[in-house]
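Okay, structure first, notes after.
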Amino acid sequence: MKCNTLLQSCFFFVLLYIALPVHAQQTGEIRGFVYDQSNGEPIIFTNVYLRENGMGSATDVNGFYSITKVPPGDYSLVVKYVGYDSTVMNITVEPGKILNQNIYLEPGAFQLQTVEITEKGSEKQAETGVSVKKVQPVEIQRIPSVGGEPDLAQYLQVLPGVIFTGDQGGQIYIRGGSPIQNKVLMDGMTIYNPFHSIGFFSVFDVDVVRNIDVYTGGFGAEYGGRISAIMDITTRDGNKKELSGKVSASPFVAKLLVEGPLKKFKAGETSSSLLFTSRASYLKESAPIFYNYADSNGLPYNFLDFYGKYSWTAPGGTQFNLFGFNHNDRVTFDATTYNWKSSGGGTRFLVVPSLSSTVISGNFAYSDYAMEQSQPDEQPRYSFISGFESGLDFSYYPGNNEIKYGFDISGFKTDFEFYNAANRRINQTDYTTEIAGFITYRAVLEKWVIQPGLRMHYYSSLQEMSPEPRLALKYNLTEDVRFKMAAGLYSQNFLSAQSDRDVVNLFYGFLSGPEDLPDYYKGEEVTSRLQKARHVVFGIEFDLAKYHEFNIETYLKNFNQLTNINRDKIFDDSKEFEDEPDYLREDFIVETGDAYGIDFQYSYDRKPWYLWVVYSLGYVDRDDGRKTYHPHWDRRHSANIVTSYLFGKDQTWEVSARWNFGTGFPFTKTQGFYELLDFQQNGIYTDYTRENGSLGIVYAGLNEGRLPVYHRLDLSASKKFEFKNKDKLQLTLSIINAYNQENIFFFDRVKYQRINQLPILPSIGASYSF
């Protein structure tokens, strides 16, 4: 029955694809791409419009625009964008014909501030914009950087609803969801661990990023397989006009970026390019020289990143990309060593048929991630995940509306070994396959923007079909005041294995949803093996005045079924212990929970000033059927203030500051100690009068304590030098934790010693762009 449902869904999508390209023959269509004439890169999120009637469209992340249902006639096609010279082209639209018109903008010598506001305003009124932040590299560069190297990890921490657990081995928790519940995509490929062991750096080089869409909840039907949030990253193609690059270094990290054409970009011709970047952290070696006061262990963080991309673009806009990456981390705390490796590669393409109104995009990728934790006196932990992903999407633009539909196929292998707090082994090796189809429709109707969607996600290993309706709405009360909402159902198969009682929780394992879950939860039969959630988001956004933007969103994520490692297991699940309660024998347990709160966001953006203020109030709880508790990322209050100021001749000086505040995380208190004897080897014949035990810890109630508040001030100042050949040199002075606040990292239960986060860390960095 479930397979028949899946086949029916696929048949529906095929019929829809055949039917959609039929459009009215009395009007015409204008479409194409907007490119930067200096390097061939697409220009994204800019308006292209007809001067005579105001009809227009914004370019997407590929620089593509489409203006449909245009009455036949002669028009002036206009494009204006900040930092570029305005362009006006005379065109003729014929009935029933598609006019393919690419546009090439020359970088300008001045900034069109008034145009910037107009462009942003029109986009706000045509997109639902619920729980999403579109991030471009220029925004990331406003955050005080470590050694002059801006990074996505630092920027994500200032977004509404995002909780970051610390400077060392930190993870991102988005509106109550754990990291395993967030999907991170790079050019359509899943990145299983997007952060390095030191929390200042992600695995992504900002200089190769074109755009990042961060969905903190209520995301559309084109995304699936996760129940909390989505981060979708698109990378640049590389310079198609000339060889260019960047070299940078600081006490934290060094980087090399090289890009250039294989076939130079010319209007109306095929072009191709190569891009390569590498970053290396050498803190383990540099910290004893520059930061010998920071920690008795030094700063034992080393990582190495590689990323490469080949891009090919046809005159009509059809694109083909081939890319690959490799990331390695190694960190040692006392005698505990953590290693993780990640690699992958794939291809992505965009096809723009000259005679069809439908644009086709697709991808195929493979990636993997391996994590190992080892220490002399304890059992090792190991996790490995690998998988392929492929998809095909179709987009059609009737008028100001958009219809998008497609399907995804993916397959994964997980290999996992873990020992819980009672030293009981939990292991699993599994293979899974997922197939999904989706459709979403965005309609702009006077003051309304309506975007319904449906995703049908089939988990073959569990033989479960998950129908997932989604809906987003916006009502434009006025040009300056807009109401919005989003809701949807979500599911996923993967779960993480972490011990809430680890002193340093850097082990982050992956495993597939197990089939051997308990049969009942709170007396009700467990009929699904999936993790599931329901999202509801309401918001209002308004422009207080020119350049001032304010956004409020309140949300509820109801996690109506979760799977978790059983932290209370002390018996093997065998006949010998069949009389023991399930919660003492099962490897996994079922939980439910809620995450709810409200986020406030204010921004002011007019050169030379930039100001960003965020406050979040959030609650997260879990219920395992026997007790209700708050997970360790349940931070009640958090706030971020970011500001930057440009000054000097040509505004080549910039100073910036960021202050972060957060109330304490939950933790489990220690009540006492005892001698723990291991009876596993000799059982009841163990001679407890002679055998030495290990240190046992008596824990208080799960996460009933609260750590102290966290707050930190980061500062940076930079100076740019531009040479006649357009090469640039930038020098940056940064200070992390400027007033040397002693924020707690963890409490060593055995040594009964508090370990703090990183102290004040000044640094100087230099980068040279050519």
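A few comments on the model shown:
- Our summary of shape: the Cα atoms of the range 556-617 have principal axis extents of 72, 21, 13 Å, ordered from largest down, in whole angstrom.
- Diffusion constant of the range 493-610 at 20 °C, which comes from Stokes-Einstein with the Kirkwood Cα-pair radius and 1.002 mPa s, µm²/s: 119
- Pair-distance distribution of the range 547-652: all C-alpha pairs, bin width 5 Å, starting at 0; shares per bin in whole percent are 2, 10, 14, 12, 11, 9, 8, 8, 7, 6, 5, 4, 2, 2, 1, 0.
- Note that the range 228-241 has calculated 3J(HN,Hα) couplings of 10, 8, 9, 10, 10, 10, 10, 9, 6, 7, x, 5, 9, 10 Hz, one per residue in order, obtained from phi through the Karplus relation 6.51 cos²θ - 1.76 cosθ + 1.60 (θ = phi - 60°); glycine and proline are x.
- Cross-link table 240/719; 183/720; 183/484; 255/649; 255/724, entries beyond 26 Å C-alpha to C-alpha: 240/719; 183/720; 255/649
- Under the combined filter of DSSP loop state and at most 14 neighbouring Cβ atoms within 10 Å, the range 570-625 retains these GluC sites (Glu not before Pro): 578.
- Derived from the Cα gyration tensor, the three semi-axes of the equivalent ellipsoid of the range 324-478 are 42, 19, 17 Å, largest first.
- For the chain, average projected area of the Cα convex hull in nm²: 33.4
- Scattering profile of the range 150-213 at q = 0.16 Å⁻¹ [log10 I(q)/I(0), Debye over alpha-carbon scatterers]: -0.50
- Over the range 222-336 - Rg/Rh using Cα atoms and the Kirkwood inverse-distance radius: 1.14
- Zone of residue 603's modelled label, taken as backbone nitrogen in the range 648-663 under 14 Å from a point 7 Å along Cα→Cβ: none
- Axis of helix 2-19 versus longest Cα principal axis of the chain: the two differ by about 20°, to the nearest ten degrees.
- Over all orientations, the range 370-417 has a Cα convex hull whose mean projected area works out to 5.2 square nanometres.
- When you filter the chymotrypsin sites (Phe, Trp or Tyr not before Pro) in the range 705-739 for DSSP loop state and at most 16 other Cβ atoms inside 10 Å of their Cβ, you are left with 723, 739.
- Computed P(r) (all Cα pairs; the range 316-381; 5 Å bins; percent): 4, 14, 16, 11, 11, 8, 9, 7, 6, 5, 4, 3, 1, 0
- Probing with 1.4 Å while keeping every protein chain in the model, the per residue accessible area of the chain equals 42 Å².
- Separation between Cα centres of the range 441-469 and the range 623-661, rounded to whole Å: 32
- For the range 204-268, chymotrypsin sites (Phe, Trp or Tyr not before Pro) meeting the loop criterion (DSSP other than H, G, I, E, B) and having at most 15 other Cβ atoms within 10 Å: none.
- Angle in degrees between helix 113-126 and the longest Cα principal axis of the chain, rounded to the nearest 10: 70
- Look at the dipole of the chain built from charges on Cβ: of 303, 353, 212, the Cα furthest out on the positive end belongs to 353.
- For the chain, the fraction of 1.4 Å probe accessible surface lying on carbon and sulfur atoms is 56 percent.
- Simple rule: put +1 on each Lys or Arg Cβ and -1 on each Asp or Glu Cβ in the range 245-336, find the dipole, and look at 254, 276, 289; the Cα lying farthest toward the positive end is 276.
The values are calculated or read from the model by the stated rules, or taken from the named source; none is laboratory data. Note that this is a predicted model, so its numbers are computed, not measured. All Cβ positions, even for glycine, are placed from backbone atoms using ideal geometry, and neighbour counts span all protein chains on display. These accessible areas exclude ligands, DNA and RNA; they are computed on the full protein's heavy atoms, side chains included. Shrake-Rupley method; radii C 1.70, N 1.55, O 1.52, S 1.80 Å.
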